[in-house]
Structure formats: structure tokens, C-alpha cells
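Undergrad: The structure's right below; bear with me while I get my questions together.
The values are calculated or read from the model by the stated rules, or taken from the named source; none is laboratory data. Computed from a prediction, not measured in an experiment: that's the story for all the values here. No Cβ is skipped: glycine too gets one built from the backbone with ideal geometry, and neighbour counts run over all protein chains shown.
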Amino acid sequence: MRCPDLGKLMAYLDGELAPDAADGLAEHLAACARCRARLATLTAEQQAISRALLPFQQASQHLPVRAPAPGRLLNPSPPQGGSQTMSKYWKTVAAVAAAALVLGLYPPARSLAGQFLSVFRVEKVEVQHIDPADVEELQQGT
């Protein structure tokens, strides 16, 4: 087996590979010091990201989770319900703005944000063309 790309190593680390692919990669890792080092680096980065996000996770645990009304997904607005609710809304907006400012201006934070976003990787993009005949076929259930 040749050395896997970074995406495959990340999928292995996340437990997203099929069992046979994971077994093959584990065998390769046992024999390849370079790939073990790359995997160790990815593991360290993943742990650093988890530590960096921990305060945000802890801060958000007390927030209520509720689904928005169907029409609110495309047209969000601040919640109604008095000054205390508005205060919470604006505190959240301020916190998000401050985090965006820090991530944008502080190079190590920008790098950490880039590493975090690399977790959401896309390996293949395929465009599907759908014409009205296809839609009719789907609606008819054929």
C-alpha cells in the first residue's frame, strides 16, 4: 500500500473508514514511520482544537436548544420577549463578533481556525443535472 493522503488519515483518525480500509491502513501504519508521524501530528492538532473549543462548548451547554419556526430559517431576527431576552441576544452577537475579530487578527488563532475547518473536508464534488422530466419522474414514484 502506498502512503495515504491527508484526508484518508483524517478519516482513519475519525473512525470514518470502512473496516477493511481501516485494517489495511493500520497495517500500513505499523510499517511506515512517516505515516505514523503524520497521524501523530493530526492527533495532536485534533486535541488542540478540542481544547480550544472546550470553553465555547461549556458556555453553550446552558443555552436552550429550540428549532426555529419554518419561516425564520431564511429571515432570522432577534427573539422577542423583553429586555432580558434581548440582552442575551446581543451578548451572543457581541461574543461571536469578538471571536471573529480575534480569529481574523491573531495569526495563531487564524491557523487554528483553518485546521478546525479542515475537519470538514470534501474529497469529491459531483454536479447532478435535474430537468423537469426528472422531477416529474420522482413525483410519480418511478
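Undergrad: Name, by its number, the condition in (1) at pLDDT 75 or above; (2) hydrophobic (A, V, I, L, M, F, W, C); (3) surrounded by fewer than 10 Cβ atoms within 10 Å (Cβ to Cβ) that does not hold for Ala69.
TA: Status for Ala69: all satisfied but (1).
Undergrad: Exactly one of these conditions fails for Pro79: (1) part of a helix (DSSP H, G or I); (2) at pLDDT below 75. Give me its number.
TA: It fails just one condition, (1).
Undergrad: Residues Arg38, Arg110, Arg121: which one is at pLDDT below 60, surrounded by 10 or more Cβ atoms within 10 Å (Cβ to Cβ) and either within 21 Å of the chain's Cα centre (by Cα) or at positive phi (or both)?
TA: Arg110
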